[in-house]
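What follows is one structure encoded as structure tokens, with my remarks underneath.
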Amino acid sequence: MKSQIELSMLTRFAMVFFIMSLALIVLMFSSAEQKGLCRTQAELTARQIASSINQVLTSPAEDERKLIPLAAALNVGERDRARYTVNITKRADSKTLVVGVAAASSDCIAFQSVGYGEVDEDKVFFQSKLNPSSHLLSETFGGNVFEVLQLTPSKVEDRTSYLIVLKCRDKSSFAGKKFLYMQNCNYKFPPDTGVNPDSCLNLNSDPGNPVETNCGFR
């Protein structure tokens, strides 16, 4: 009788251990799948943003504005991998813009670059509709300091709804200089619950706006 009880207890412990081990294996596979999915979503987002910037740069139109909507979260399950930020870094040394998409989880990040070769380095400008001190940053690498435009689509109290990409040409001469502007089109919540993209940087800017001043739409 005693041996049967001991055998029963041993069997139960073995079953519990097996179930716990199985659950741990499933959890590990699930975490790896979530990590892979997050990286895929980050890569896709970075590629889409870089592609949209490149479309504006390579467009035959002299003046062009593109509105890039940003989703509030990456399409993954876990919260830390759904919330993300976008950093656009101007690399003057290589005349490229590096688009970095990073989730709150440190294991989910992706980069994509796009060249702005036809635009002079000092004619590429970053702006933010609100809170410029929080979105116009700098990054030091290899002794060089690079300008950074940070977008915060997942930040409820300071949400980036759109990235505005605007290209225009100086009208004062036949071969006028090209200008490239990128603006963080954001809003504060509360009191606002959204932002009208027409209120952000556009080709019909008021007198005194840098686009009006540099590209002479008047």
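Applying the criterion of being touching a strand residue (DSSP E or B) at 6+ places or on another chain (Cβ under 9 Å) and open to solvent by 70 Å² or more (accessible area, probe 1.4 Å) to the residues of the stretch 100-111, the residue that is farthest from Arg47 (Cα to Cα) is Ile109.
Among residues that are over 16 Å from the mean Cα position of the chain (by Cα), modelled with pLDDT under 95 and hydrophobic (A, V, I, L, M, F, W, C), Val145 is included. Which one is modelled with the highest pLDDT, of the residues in the stretch 171-184 that are surrounded by 15 or more Cβ atoms within 10 Å (Cβ to Cβ) and outside any strand (DSSP E or B)? This residue is Lys177. For the stretch 120-161, the set of residues classified as in a strand (DSSP E or B) and open to solvent by 50 Å² or more (accessible area, probe 1.4 Å) consists of Phe125, Leu136, Leu137, Ser138, Glu139, Thr140, Phe141, Asn144, Val145, Glu147, Arg159, listed by residue number.
The values are calculated or read from the model by the stated rules, or taken from the named source; none is laboratory data. Remember, predicted model here, so these are calculated numbers, not experimental data. Here Cβ is always computed from backbone atoms with ideal geometry, including for glycine, and neighbour counts include all displayed protein chains. We work out accessible area using only protein heavy atoms, side chains counted, and drop any ligands, DNA or RNA first. Shrake-Rupley method; radii C 1.70, N 1.55, O 1.52, S 1.80 Å.
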